[in-house]
Number of protein chains: 4
Amino acid sequence: MANSRFEYVRNFEQTDSLLPNTWIVVRIDGRAFTKMCAKYGFEKPNDRRALNLMNAAAKAVVTDLPESMIAYGVSDEYSFVFHKSCNLFERRASKLVSTVVSTFTANYVYSWPTYFPDTPLSFPLPTFDGRAVCYPSVQNLRDYLSWRQADCHINNLYNTAFWSLIQLGGLDSKEAQRTLAGTLAADKNEILFSRFHINYNNEPEIFRKGSVIFRDYELVDSECQAAALEIDSLAEPMRQSKSQLEKDKKKRAKARVVVEHMDIIKDEFWDQRPWILSNRPGKVPKEP
Amino acid sequence: MANSRFEYVRNFEQTDSLLPNTWIVVRIDGRAFTKMCAKYGFEKPNDRRALNLMNAAAKAVVTDLPESMIAYGVSDEYSFVFHKSCNLFERRASKLVSTVVSTFTANYVYSWPTYFPDTPLSFPLPTFDGRAVCYPSVQNLRDYLSWRQADCHINNLYNTAFWSLIQLGGLDSKEAQRTLAGTLAADKNEILFSRFHINYNNEPEIFRKGSVIFRDYELVDSECQAAALEIDSLAEPMRQSKSQLEKDKKKRAKARVVVEHMDIIKDEFWDQRPWILSNRPGKVPKEP
Amino acid sequence: MANSRFEYVRNFEQTDSLLPNTWIVVRIDGRAFTKMCAKYGFEKPNDRRALNLMNAAAKAVVTDLPESMIAYGVSDEYSFVFHKSCNLFERRASKLVSTVVSTFTANYVYSWPTYFPDTPLSFPLPTFDGRAVCYPSVQNLRDYLSWRQADCHINNLYNTAFWSLIQLGGLDSKEAQRTLAGTLAADKNEILFSRFHINYNNEPEIFRKGSVIFRDYELVDSECQAAALEIDSLAEPMRQSKSQLEKDKKKRAKARVVVEHMDIIKDEFWDQRPWILSNRPGKVPKEP
Amino acid sequence: MANSRFEYVRNFEQTDSLLPNTWIVVRIDGRAFTKMCAKYGFEKPNDRRALNLMNAAAKAVVTDLPESMIAYGVSDEYSFVFHKSCNLFERRASKLVSTVVSTFTANYVYSWPTYFPDTPLSFPLPTFDGRAVCYPSVQNLRDYLSWRQADCHINNLYNTAFWSLIQLGGLDSKEAQRTLAGTLAADKNEILFSRFHINYNNEPEIFRKGSVIFRDYELVDSECQAAALEIDSLAEPMRQSKSQLEKDKKKRAKARVVVEHMDIIKDEFWDQRPWILSNRPGKVPKEP
């Protein structure tokens, strides 16, 4: 067939499978979001509509891809965690990244009018890029998520102080920058409180903690440390009977995908939700 | 800072830069499009609205990313070619692929109502995955594009015959399949003509040839072979003066991005449009 | 400088760093060893001189590269394990593989006359190729080593039976092959015993178990499972004081590198030698 | 079989095939050669025995691996070029690099006594590491080789001046360094000539130009530029008849592998030896 003399070009494709038995994090970032914020008049330092839209799009990703165990978002970025036993797309990096980015973008654009009913989109449309990173141990994975949440805290405290100085204090952006240069967290808290009567700890949790998305089951009392060790020691995807797999699938489908704003650095979050690391669905709460 | 004890996790990111001085093709494919065709009632064997929507989304990609020289699409797939001197995102595969996929998806979802005014989208939304492949020589690149266009021809001839047997001939899909098993191109042409008075060559070019997208300048008389050789021998991005770069950028911005349905296997297409391989903008046609 | 216009070629080098916090196994294999066996008249099914030479070369690798925790060899292959916290050559695959292969080859060629005093080397010289593979968990690593040792057992039982049939039983190689086709381990044991009065379990351990190389300290009573879990949970290279690092280095330098032939599939081996997985040197035995 | 429960570990091996239709350069470097020079008393600035030994080892590599078209060496490094159509080891980077490094090391250690009859090797033995880099066009490849030869010139001129100042001028190494700081090539030539009556251009070519290894056929009058273009435009390994392949193989086997010291930056070298880039063996010179 005429086609055959061209088909050699397939040999130029190179595989990009990610190392088995490692946690895969796909992180996406908004492209040129500073420009976008200006174009669509996002509120400063945080636009709740924009964050809610991000969360809606991320929730759709977690819902559509049951292999994603947890997602964490802040500002215009979101990280999606795939279980270390996940074999979706044979763990090919480009398939995983592009599917997450595409699902996220589709939902972001589709749901825009819900969150910005008075601000229609225009060209160029908002887009996101992404990359995949592997983490071998539970500790590495938790440190990654802690890194993002600590970053959220640091940036949000700075931005809250910065924009208070401008919006409430009447400074221009250079003066605000100068005021904050070299300040520690305590200094920024003090500036907010003494100048503007703002207690930073009373700021909304969605701003201070970012957003966490996961499937929700009944909380349990577990010992995280032991559970993490057990999970680290897994060598391969668990071998489960078909009926068990089918049961798990049903439980997962029944579980609500929730968006929360809470601490994921301390052990408590993980202790109470062992299913996130174990990939064994918990008990689905009774309908109220 | 609290953040620092987590920051080591950045070391787990691995670079994925594509080899310099090679043509980069980013190909995207619709995910689960068979299901989508059924869900939204796409016409068989070709749905012109769906193709036009694909083309609109692809045109937006080529417009937004001036480093893409040409794009070729058929069915639910599209290939975007980046010039071998392109240094966009430092040639990082995941950034290139995710940006193309995200831009394409955003435009596909955004423009859906224009092409399917009576068929609103519903969850799960249409999505695309992607991958990047490098081709070292012009011949490799052209063979890649020829492979896709030859594939378009082969599949469309088959599908046209298959659906004619069903829609016009009253066969069911098993009977149609059996009828076509082992037939050559000439046989399928004959079946179409003798049974249904369809001259395959009169079928719309968008179905038979797929769609080609590029910046349009005045056609020229060149010798492709010589030009291709010259381009293959390039070792690096051309060193151009700033003023020349600025001029080129303006020309590119002025050039219309067009969607055509024509042969890109033969030399003629490339002979007349040397700018696609050289990345030196041609003469912008006068406004009529 | 004249050099500068060429220096852009450095940009074509691509990094190949292996994922941090994973065990690195560099396995080397003899090239065209079947031919070599014939050329130098290696004894069948095992040539003790050749194995001793392999072991001498491997011992030199472990001695020269203190980051290698354990090595396992059988026939013309050897696997070298680098600790998951190892940062040698910034974990670049090509540097690690080439250094191991070069050190092994240098010692193999250099020590040849010691083990084959009557058989001088001639061109082409014996050579080895290599590759690096990462394993995220202790279980994965132990399963890798178990795989190699199980392979040793399977092959050696077969070869012992095969060559007994030929050397003692007078069969030709086709007949021997046919005799063994479809036999289980028990059958081969039976053939050896009933036909040739060979008790396979009395065969030398170097043939049945292969060779293990490691630094030797005083054996301890530990619980492997707990230790392995603790090691899996390590997220990063341990942060140690300089004086501690210096002490460890001295201990390592004092430790004898030993070549043993013993079971490494069962827990006992690992239980008694926790330093292999922990990279914390044990107690150096007193000189007798 | 017992083995099967371990065999999953094979899935952790990742492919590392190099992009087809690109030139592969495997460069090797001596490990810790500064120490080695001191240990074995290499002469400064160049030790002819050491260079001859490097060349002997490299010649063995080119002889053993007919897919290597040309090799270039200077000091303790050597670059081996594999033709862009080469499919040795399916172009797997680790196999290519390790085989070159192993063959080189084996020959270096084996031939040491020939070149250093009075200086026996001792532990740790000399070793080499290596890496592979792909170059898409002939110009990229020639620029790589030119980069290495320009480097040879720059370093050798410096070292010749530096060691003359010490050995003939009685300076210590700090004084010599200070004398040369900031000098241009012309200055160094002048220092050599005016102080020590050394005309740098009369220094041995092996020191000034390094060493080039290739298969030798009858020189021809060709136009390099045209030839290079033709080769760049190749899309795939040439399809040759079996008899032609057989003929070529015989010619290659008959060709002498030679070590020369000449300019490979200018076109002349390549013009006269088109077989190096084309991989079509030239005319084997008649035996004299």
Task: Residues located in region C:1-26, provided they are outside any loop (DSSP other than H, G, I, E, B), touching a Leu at 6+ places or on another chain (Cβ under 9 Å) and touching a residue at least 60 places away in the same chain (Cβ under 8 Å) - done: C:W23, C:I24, C:V25, C:V26
Task: Odd one out for B:A161 among (1) among the small types (G, A, S); (2) within 11 Å of chain A (Cβ to nearest Cβ); (3) buried (at least 20 other Cβ atoms within 10 Å of the Cβ) - done: (2)
Open item on the list: Checking A:E7 against (1) within 14 Å of chain B (Cβ to nearest Cβ); (2) within 30 Å of A:D118 (Cβ to Cβ); (3) open to solvent by 30 Å² or more (accessible area, probe 1.4 Å); (4) out of contact with any strand residue (DSSP E or B) (no Cβ under 8 Å at 6 or more places or on another chain): exactly one of these is not met. Which one?
Closed with: (2)
Open item on the list: Under 8 Å between Cβ atoms, which residue pairs at least 6 apart in sequence (or on different chains) link something in region A:157-176 that is assigned to a helix (DSSP H, G or I) with a partner that is open to solvent by 60 Å² or more (accessible area, probe 1.4 Å) and of a type in the set (D, E)?
Closed with: A:L165/A:E175; A:I166/A:D172
TODO: Please list, ordered by first then second residue, the pairs with beta carbon atoms under 9 Å, 6 or more apart or interchain, first in region D:94-111 and more than 7 Å from every other protein chain (Cβ to nearest Cβ) and farther than 12 Å from C:L125 by Cβ, second in a helix (DSSP H, G or I) and open to solvent by 10 Å² or more (accessible area, probe 1.4 Å).
DONE: D:L96/D:L88; D:L96/D:F89
Task: Enumeration of residues in region B:137-146 that are within 12 Å of chain D (Cβ to nearest Cβ) and open to solvent by less than 10 Å² (accessible area, probe 1.4 Å) - done: B:S137, B:V138, B:N140, B:L141, B:Y144, B:S146
Task: Residue among A:F89, A:F104 that alone is among the hydrophobic types (A, V, I, L, M, F, W, C), within 26 Å of A:A150 (Cβ to Cβ) and modelled with pLDDT of 95 or more - done: A:F104
Task: Any hit, region A:19-29, residues being modelled with pLDDT of 95 or more, out of contact with any His (no Cβ under 6 Å at 6 or more places or on another chain), farther than 21 Å from A:R148 by Cβ and within 14 Å of chain B (Cβ to nearest Cβ) - done: yes
Open item on the list: Quick check on this structure: which one of A:R256, A:R280, A:R252 is open to solvent by 20 Å² or more (accessible area, probe 1.4 Å), farther than 17 Å from A:V81 by Cβ and of a type outside the set (D, E)?
Closed with: A:R256
TODO: Name every residue in region A:112-135 that is facing another protein chain (nearest Cβ under 7 Å), open to solvent by less than 70 Å² (accessible area, probe 1.4 Å) and out of contact with any Leu (no Cβ under 7 Å at 6 or more places or on another chain), in order of residue number.
DONE: A:L121, A:L125, A:P126, A:T127, A:F128, A:D129, A:G130, A:R131, A:V133
- [ ] With the condition kept exactly as written, say whether any residue in region C:70-81 is at negative phi and within 9 Å of another protein chain (Cβ to nearest Cβ).
- [x] no
Open item on the list: Take the conditions within 14 Å of chain D (Cβ to nearest Cβ), under 30 Å from D:D143 (Cα atoms), in a loop (DSSP other than H, G, I, E, B) and open to solvent by less than 30 Å² (accessible area, probe 1.4 Å) and apply them to B:A235. Does it pass?
Closed with: yes
Task: Lone unmet requirement of (1) in a helix (DSSP H, G or I); (2) in contact (Cβ under 8 Å) with a residue 24 or more places away in the chain for D:I198 - done: (1)
Open item on the list: Taking the condition of being surrounded by 24 or more Cβ atoms within 10 Å (Cβ to Cβ), touching a Leu at 6+ places or on another chain (Cβ under 8 Å), part of a helix (DSSP H, G or I) and of a type in the set (A, V, I, L, M), how many residues in region A:75-109 meet it?
Closed with: 5
Task: So C:L192, is it at pLDDT 95 or above, over 28 Å from C:V258 (Cα atoms), outside any helix (DSSP H, G or I) and hydrophobic (A, V, I, L, M, F, W, C) - done: no
Task: Residues located in region B:27-47, provided they are open to solvent by less than 40 Å² (accessible area, probe 1.4 Å) and either part of a strand (DSSP E or B) or basic (K, R) (or both) - done: B:R27, B:I28, B:D29, B:G30
Task: Residue that is surrounded by fewer than 18 Cβ atoms within 10 Å (Cβ to Cβ), within 14 Å of chain A (Cβ to nearest Cβ) and either in contact with an Asp or Glu (Cβ under 9 Å, 6 or more places away or on another chain) or in contact (Cβ under 8 Å) with a residue 24 or more places away in the chain (or both), where the choices are B:A150, B:A185 - done: B:A185
- [ ] Tally the residues that are open to solvent by 50 Å² or more (accessible area, probe 1.4 Å) and over 21 Å from A:Q149 (Cβ atoms), restricting the search to region A:196-232.
- [x] 7
Open item on the list: When you scan region D:145-168, do you find a residue that is of a type in the set (F, W, Y) and under 16 Å from the mean Cα position of the chain (by Cα), even just one?
Closed with: yes
TODO: Return yes or no: is D:M69 open to solvent by 10 Å² or more (accessible area, probe 1.4 Å), in contact (Cβ under 8 Å) with a residue 24 or more places away in the chain and in contact with a helix residue (DSSP H, G or I) (Cβ under 6 Å, 6 or more places away or on another chain)?
DONE: yes
Open item on the list: On the basis of being touching a Ser or Thr at 6+ places or on another chain (Cβ under 7 Å), modelled with pLDDT of 90 or more and not aliphatic (A, V, I, L, M), does B:E218 make the cut?
Closed with: no
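The values are calculated or read from the model by the stated rules, or taken from the named source; none is laboratory data. Note that the coordinates shown come from a computational prediction; the quantities given were computed from them, not determined experimentally. As a convention, Cβ positions derive from the backbone with ideal geometry for all residues, glycine included, and neighbour counts pool all protein chains shown. Areas reflect the complete protein model, heavy atoms only, side chains present, ligands, DNA and RNA absent. Shrake-Rupley method; radii C 1.70, N 1.55, O 1.52, S 1.80 Å.
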